[in-house]
Amino acid sequence: METKPQATATESVSSRPTVRPAVDIYENQDELLLVVDLPGVATENLAIDLDTDTLTIVGRRPDTIPEGARVIAGSGFGWDFKRQFTVPSLIDRDRIKADLKDGVLEVHLPRSERSKPRRISI
(Lines give C-alpha, C1' and ligand atoms only; values in the text may rest on other atoms or scores of the structure.)
Protein backbone atom coordinates (compact mmCIF):
# COMPACT_ATOMS: atom_id res chain seq x y z
CA MET A 1 0.00 0.00 0.00
CA GLU A 2 1.41 3.37 -1.03
CA THR A 3 1.43 6.24 1.42
CA LYS A 4 0.33 9.74 0.52
CA PRO A 5 3.34 11.86 -0.45
CA GLN A 6 4.47 14.61 1.88
CA ALA A 7 5.53 17.91 0.33
CA THR A 8 8.59 19.19 2.12
CA ALA A 9 11.39 21.33 0.76
CA THR A 10 14.14 18.92 1.84
CA GLU A 11 12.49 15.62 0.91
CA SER A 12 14.05 13.36 -1.68
CA VAL A 13 10.99 11.88 -3.40
CA SER A 14 12.44 8.43 -4.22
CA SER A 15 14.86 6.48 -6.37
CA ARG A 16 12.18 6.06 -9.06
CA PRO A 17 12.32 8.24 -12.19
CA THR A 18 11.60 11.88 -11.29
CA VAL A 19 9.96 14.26 -13.74
CA ARG A 20 9.11 17.96 -13.86
CA PRO A 21 5.55 18.04 -15.17
CA ALA A 22 4.62 20.81 -17.58
CA VAL A 23 3.03 23.81 -15.87
CA ASP A 24 1.20 26.71 -17.48
CA ILE A 25 0.66 29.85 -15.40
CA TYR A 26 -2.14 32.26 -16.25
CA GLU A 27 -3.05 35.60 -14.70
CA ASN A 28 -6.14 37.76 -14.75
CA GLN A 29 -7.42 40.49 -12.45
CA ASP A 30 -8.92 37.93 -10.04
CA GLU A 31 -6.29 35.19 -9.73
CA LEU A 32 -3.18 33.36 -10.81
CA LEU A 33 -3.91 29.89 -12.17
CA LEU A 34 -1.42 27.02 -12.29
CA VAL A 35 -2.34 24.26 -14.75
CA VAL A 36 -0.20 21.12 -14.27
CA ASP A 37 -0.23 18.08 -16.57
CA LEU A 38 -0.34 14.97 -14.35
CA PRO A 39 -1.58 12.04 -16.48
CA GLY A 40 -2.28 8.92 -14.45
CA VAL A 41 -1.91 10.67 -11.07
CA ALA A 42 -4.72 10.06 -8.56
CA THR A 43 -5.73 12.46 -5.79
CA GLU A 44 -4.45 10.07 -3.12
CA ASN A 45 -0.96 10.22 -4.70
CA LEU A 46 -0.79 14.01 -4.71
CA ALA A 47 0.04 16.59 -2.03
CA ILE A 48 -0.05 20.38 -2.22
CA ASP A 49 1.39 22.39 0.65
CA LEU A 50 1.88 26.09 1.30
CA ASP A 51 4.68 27.01 3.69
CA THR A 52 5.20 30.75 4.09
CA ASP A 53 5.74 31.85 0.45
CA THR A 54 6.46 28.44 -1.10
CA LEU A 55 3.78 26.32 -2.78
CA THR A 56 4.96 22.71 -3.21
CA ILE A 57 3.26 20.13 -5.41
CA VAL A 58 4.59 16.60 -4.99
CA GLY A 59 3.34 13.13 -5.86
CA ARG A 60 3.71 9.98 -7.84
CA ARG A 61 2.22 8.08 -10.72
CA PRO A 62 2.17 4.36 -9.95
CA ASP A 63 3.55 1.74 -12.32
CA THR A 64 1.00 0.87 -15.00
CA ILE A 65 2.55 -2.27 -16.43
CA PRO A 66 0.02 -5.13 -16.55
CA GLU A 67 1.09 -8.21 -14.58
CA GLY A 68 3.13 -10.60 -16.67
CA ALA A 69 3.84 -8.00 -19.36
CA ARG A 70 7.08 -6.24 -20.23
CA VAL A 71 7.58 -2.77 -21.68
CA ILE A 72 8.73 -2.79 -25.29
CA ALA A 73 8.17 0.93 -25.92
CA GLY A 74 6.41 3.77 -24.14
CA SER A 75 6.32 5.07 -20.61
CA GLY A 76 4.44 2.42 -18.64
CA PHE A 77 6.69 2.95 -15.66
CA GLY A 78 5.59 5.13 -12.81
CA TRP A 79 7.37 8.31 -11.81
CA ASP A 80 7.62 10.81 -9.00
CA PHE A 81 7.46 14.57 -9.29
CA LYS A 82 7.96 17.71 -7.28
CA ARG A 83 7.48 21.35 -8.29
CA GLN A 84 7.84 24.43 -6.12
CA PHE A 85 6.62 27.97 -6.73
CA THR A 86 7.05 31.23 -4.87
CA VAL A 87 3.63 32.69 -4.03
CA PRO A 88 3.58 36.49 -4.35
CA SER A 89 2.26 38.60 -1.47
CA LEU A 90 -0.77 39.69 -3.53
CA ILE A 91 -2.32 36.19 -3.15
CA ASP A 92 -5.04 35.51 -0.57
CA ARG A 93 -3.57 32.36 0.99
CA ASP A 94 -6.81 31.45 2.81
CA ARG A 95 -8.72 31.06 -0.47
CA ILE A 96 -6.27 28.91 -2.48
CA LYS A 97 -8.01 25.85 -3.94
CA ALA A 98 -7.09 22.98 -6.23
CA ASP A 99 -8.91 20.54 -8.52
CA LEU A 100 -7.61 17.40 -10.25
CA LYS A 101 -9.64 16.18 -13.22
CA ASP A 102 -8.68 13.97 -16.16
CA GLY A 103 -4.96 14.23 -15.40
CA VAL A 104 -4.93 18.01 -15.18
CA LEU A 105 -4.36 19.79 -11.86
CA GLU A 106 -5.63 23.36 -11.54
CA VAL A 107 -4.42 25.41 -8.58
CA HIS A 108 -6.34 28.67 -8.16
CA LEU A 109 -4.43 31.42 -6.36
CA PRO A 110 -6.94 34.25 -5.84
CA ARG A 111 -5.71 37.80 -5.53
CA SER A 112 -6.41 39.61 -2.29
CA GLU A 113 -9.02 42.34 -2.59
CA ARG A 114 -6.35 44.97 -1.89
CA SER A 115 -4.31 43.90 -4.90
CA LYS A 116 -7.15 43.97 -7.47
CA PRO A 117 -7.30 46.90 -9.85
CA ARG A 118 -9.97 49.45 -9.00
CA ARG A 119 -11.30 52.69 -10.35
CA ILE A 120 -11.14 55.72 -8.11
CA SER A 121 -14.07 58.12 -8.33
CA ILE A 122 -13.45 61.80 -8.81
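Rounded to the nearest percent, how much of the accessible area of segment 31-100 (1.4 Å probe, protein heavy atoms only) is carbon and sulfur?
Here it works out to 48 percent.
Could you work out the mean projected area of the convex hull around the alpha carbons of segment 14-122, in square nanometres to one decimal?
8.8 nm²
Taking 25 °C and 0.890 mPa s as the conditions, I'd like the Stokes-Einstein D for segment 61-113 in µm²/s, using the Kirkwood hydrodynamic radius from alpha carbon pairs. Walk me through the numbers on the way to the answer.
On the way: Rh = 14.6 Å.
The calculation lands on 168 µm²/s.
When the chain is fully extended, how far beyond the present Cα-Cα distance does Val19 get from Arg119, taking 0.36 nm per residue of separation?
31.6 nm
Efficiency by 1/(1 + (r/R0)^6): what FRET value for Glu106 and Ile65, r their Cβ-Cβ distance, R0 = 35 Å, to the nearest 0.05?
0.75
The values are calculated or read from the model by the stated rules, or taken from the named source; none is laboratory data. Since we're looking at a predicted model, the values are computed, not measured. A quick note on method: Cβ atoms are made from the backbone with ideal geometry, for glycine too, and the neighbour counts reach across all protein chains shown. Each accessible area value is taken on the protein alone, full model and side chains, heavy atoms only, with ligands, DNA and RNA left out. Shrake-Rupley method; radii C 1.70, N 1.55, O 1.52, S 1.80 Å.
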